[in-house]
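Let me begin by presenting the structure, written as structure tokens, before commenting on it.
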Amino acid sequence: MTKMQQHIVAFYHKNPFLEYIHAEAVPAADGGVRLELMVESEHTNLYGIIHGGALMTLADTAMGAAALARNKKVVTMNLCMDFMHSVPMTTRIIATGAVLHDGRHTMTLESEIRDEAGKLFAKAHGTFYVLGRFVDDAAE
């Protein structure tokens, strides 16, 4: 695990909402961090499938992690999502984030949410405002 990945994982372990929904920040092979979640009853709607808001949370956070990997703290300005398939209970889903535009004041990112077999359940696109650096050069 790289030093930046350590910073990101530690940062997300302090996030009370992620702890509440039991999402886990996991180092990725590309040097970034992905979010993983085992879908349980508290994540579902009345139809027994994951609530769209839970998927939006994972995508938003995965895109934030991709920005953090570029050493930028961001907040969401706009977020949209396409839902391809419903996600049933007991499915482990993985949310990844990727940077499309890395500007000084704004960033554009996308996220995919897949299961362990690679099935695509949802794809998100977001615009984020850059608040500043995530870690100081001395801490990197």
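Does any residue of the stretch 75-89 turn out to be at pLDDT 95 or above, on the phi > 0 side of the Ramachandran plot and of a type outside the set (A, V, I, L, M)? No, that holds for no residue. Restricting attention to the stretch 92-122, the residues being touching a residue at least 24 places away in the same chain (Cβ under 8 Å) and not in a strand (DSSP E or B) number 5. Within the stretch 19-32, is there a residue that is more than 18 Å from I113 (Cα to Cα) and without any contact (Cβ under 8 Å) to a residue 12 or more places away in the chain? Checked the stretch 19-32: at least one residue is more than 18 Å from I113 (Cα to Cα) and without any contact (Cβ under 8 Å) to a residue 12 or more places away in the chain. Could you tell me whether any residue of the stretch 13-21 is closer than 15 Å to R70 by Cα and either aliphatic (A, V, I, L, M) or out of contact with any helix residue (DSSP H, G or I) (no Cβ under 6 Å at 6 or more places or on another chain) (or both)? Checked against the condition, which is being closer than 15 Å to R70 by Cα and either aliphatic (A, V, I, L, M) or out of contact with any helix residue (DSSP H, G or I) (no Cβ under 6 Å at 6 or more places or on another chain) (or both), the stretch 13-21 yields no hits at all.
The residues in the stretch 90-140 that are aromatic (F, W, Y) and modelled with pLDDT under 95 can be counted, and the count is 0. Each residue in the stretch 44-82 was checked for being over 27 Å from V130 (Cα atoms) and either in contact (Cβ under 8 Å) with a residue 24 or more places away in the chain or within 9 Å of the chain's Cα centre (by Cα) (or both), and 5 of them qualify. Taking the conditions (1) β-branched (V, I, T); (2) touching a Lys or Arg at 6+ places or on another chain (Cβ under 8 Å); (3) over 17 Å from H51 (Cα atoms); (4) surrounded by 21 or more Cβ atoms within 10 Å (Cβ to Cβ) in turn, I93 satisfies each one other than (3).
Taking A59, is it touching a Ser or Thr at 6+ places or on another chain (Cβ under 6 Å), modelled with pLDDT of 95 or more and crowded, with 20+ Cβ neighbours inside 10 Å? So A59 fits the description; yes.
The values are calculated or read from the model by the stated rules, or taken from the named source; none is laboratory data. None of these values were measured; they are calculated from a predicted model. Every residue, glycine among them, receives a Cβ derived from its backbone with ideal geometry; neighbour counts consider all protein chains shown.
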